[in-house]
1. Tell me, Kirkwood radius of the range 220-340 from alpha-carbon pair distances, in Å?
2. Residue separation times 0.36 nm, minus the C-alpha to C-alpha distance between K132 and S273: what's the value?
3. Could you state the orientation-averaged shadow area of the convex hull built on the Cα atoms of the range 175-217, in nm² to one decimal?
4. Return the long-range amide H neighbours of K300 (sequence gap of 5 or more, or a different chain), with a cut-off of under 5 Å between placed amide H atoms.
5. How much length is gained on full extension from E424 to I369, taking 0.36 nm per residue of separation minus their Cα-Cα distance?
6. Grab every C-alpha pair in the range 126-234, bin the distances at 10 angstrom width from 0 up to the longest one, and report whole percents.
7. For a quick check: sort H309, H255 by the number of other beta carbons within 10 angstrom, fewest at the front.
8. How much net charge surrounds G154 when only other residues with a Cβ under 11 Å from its Cβ are counted (Lys, Arg +1; Asp, Glu -1)?
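Here, each number is a calculation from the coordinates, and none is a lab measurement. Given the structure is predicted, the values throughout are model-derived calculations rather than measurements. Here the Cβ is made from the backbone with ideal geometry for all residues, glycine too, and neighbour counts use every protein chain on show.
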Amino acid sequence: MSQNRFYRWICLVVKPMACCSRVDESCIPARWALLRSPCFARSHIEAFIPWPEVPSASSKVLLLLAFSSNNSIPTPEPTHGQIYPGCGPPIDLPTSFRPYLIMQSYAIPSLVSSLLNVSPSGWSSMFPPPPKWSPEEMPDLGGKVMVVTGGNDGIGKETVKALLAHNAKVYMASRNQVKAQVAIDELKRETGREAVFLRLDLASLQSVKTAAQEFLSKETELHVLFNNAGSIYPPVEDVTEEGYDLQFGTNVLGHYYFTKLLLPVLLKTARLSADGKARVVHVASVGHEFVNGIDLETLKDGPKRKRWHTTKLYFQSKFGNVVVADEFHRRYADQGLVSFSLHPGNLKFDTKRHPSWTIKLLGILNPVIPGPKMGALTQLWAGTMPEGVHLGGKYCIPYARVGQAKNETDDPELGKRLWEWLEEQVRDVEPPYTET
Ligand SMILES: NC(=O)c1ccc[n+]([C@@H]2O[C@H](COP(=O)([O-])OP(=O)(O)OC[C@H]3O[C@@H](n4cnc5c(N)ncnc54)[C@H](OP(=O)(O)O)[C@@H]3O)[C@@H](O)[C@H]2O)c1
């Protein structure tokens, strides 16, 4: 191989892929370099490859992108004069150097390498065939009690609407009463039935505890719990009331605690139901396939967490949803609990609701992708159809199909470790419930 062809190969394949797939701290100097100055990045890249030897402009761009990716932004800011290993002396640059931050945020090469690892089930869930099932086929749900977290908007609102239309008693568990009331009124006009507001802020363990207590004071049965609410790509700085990463705290810890507090009523309902079951639907995402596990060091606020990008923290939280769904299944299936996770589909994002650049970029696809009504379809099928009682421990994909979550999620050791961590976090807030 000639030297030129060798460098072309290195530039186009090896270095970008290596940088894309590495999420450890060894890339930080290079990423810092790009954030501060392209010349500086170039000098770092030259430690690997002589810049004039990089064969084309596109290879150069690819290389710069690769060095800027990896889903994490290093912190803290280096002070002037500080020397970072492999980076030489720092150069002053305006802190909000948007083009570089955008490159960093969208992590194009990182995304490409992640996509290469998506499973066949993952691809099928991103590009699903037309549905063979419609919510009109749902059975009559008269006498059934259901809770939908985040039911005031998006997929959750569509879920509440269909459940109401089939006569279920539905609790809309939402953090904002004004927004929830607007949704309740709208759904009443459309279905003739009224959802019940339940105040629940999943980003506060105290609020979760209060919400569960309120529900238990009103109801003696709970047939289906839809753990649907989600914090999606907030700024990395955002944390929950107790200082957990906002996405993991809301999507995983809050939902775990809510489910655990409602477990006595779920198990009691299962005992009394004709089919002997009560269901918990954990809304995850195909994004769980873009991470390989859960790093306990990033679940509470701290320097390591701050170095991660918000998309990676989101994917980790969705990986956590699948692990927790499996663990509830392992622990309570024999008592009639049907716990499973799902990917609702890749749907339109409300770009006004979500300030993140990732959502703004994804929003470009809005005209050609389905809305929340389609997103509700899989959870409605799994949560209400008779065949749903066999979904315990499974992972569903759009539309209304059983798929396959990433293998790493189904690791009993990991499930046990995460469960123990979750239990530890809620130990102090746990109310003195006794099973009725
Ligand atoms: N849309 C997609 O393409 C997609 C893809 C894969 C997975 N998902 C998952 O599907 C679920 C629903 O997504 P969506 O598209 O319907 O999102 P959405 O339109 O942004 O709605 C999210 C819902 O969650 C609620 N929520 C957020 N933080 C909360 C908190 N701390 N406490 C209580 N409620 C909270 C929101 O309440 P507020 O109105 O008060 O903010 C809202 O009702 C999420 O779990 C998401 O991760 C969505």
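1. 14.9 Å
2. Result: 48.0 nm gained on full extension.
3. Approximately 3.2 nm², given one-decimal rounding.
4. Result for K300 returns D245.
5. Taking 0.36 nm per residue and subtracting the Cα distance, the gain is 15.7 nm.
6. 15, 45, 30, 10, 0
7. Working: H309 22, H255 27.
Lowest to highest Cβ neighbour count: H309, H255.
8. Counting the neighbours of G154, the net charge comes to +1.
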